[in-house]
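S.K.: What follows is a structure written as structure tokens; I'll ask about it next.
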């Protein structure tokens, strides 16, 4: 489908909404609208597209926002890609009311989050917290996926 939008070398990664492609278009807003329009026509409902260049995602990996976090089976590492910059930026660190998500840092429209355990072996999920707290659209990927997309 993305090829039909005029995008080149289209590939997906682990069937979770990660679509990689090449394009000569440089206006992210115009490209986002074109993809959203094409998806709406194909599926019959609105699909939010949050676009990042490979360089932008590679910069996050290079930044390594979780370098000071000790590996622990009880903490999930996530990057939440937000459709627009938060204004004003939240004071960090920021915890969800349930203390199951902690935002430890931000870079432009990207939040670096920890998912913490709650009762019954369940964990918080940053996307739900961020969308409700800031009334924005977002999509969240675990740190391993973010690194592999760059690879």
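S.K.: Highest GNM mean-square fluctuation, the chain, Cα pairs closer than 10 Å: which of 26, 48, 139?
M.R.: 26
S.K.: Still on this structure, I have one more. Provide the gained length on full extension for the span residue 37 to residue 1, in nm with one decimal, where the gain is 0.36 nm per separating residue minus the Cα-Cα distance.
M.R.: Difference between extended and current length: 11.8 nm.
S.K.: Using helices alone, I'd like the mean residue ellipticity at 222 nm for the chain: each DSSP H run of four-plus residues gives -39500 (n - 2.57), total over residue count, nearest 500.
M.R.: -8500 deg cm²/dmol
S.K.: Do you know the relative contact order of region 79-134, to the nearest whole percent, from alpha carbon pairs under 8 angstrom that are 6+ apart?
M.R.: Relative CO of region 79-134 lands at 32 percent.
S.K.: Want the number for residue 67 to residue 25: 0.36 nm per residue separation, take away the alpha-carbon distance, what's left?
M.R.: 11.7 nm
S.K.: Can you check how the C-alpha radius of gyration of the chain compares to 2.2 N^0.38 Å, as a plain ratio?
M.R.: For the chain, the normalised Cα radius of gyration is 1.10.
S.K.: Using only C-alpha positions, report the orientation-averaged shadow area of the convex hull of region 3-43, nm², one decimal.
M.R.: Mean shadow area of the hull around the Cα atoms is 3.1 nm².
Read-outs: derived from the displayed coordinates by stated rules, not from any lab. What you see is a predicted model; the values in this text were computed from it and never measured.
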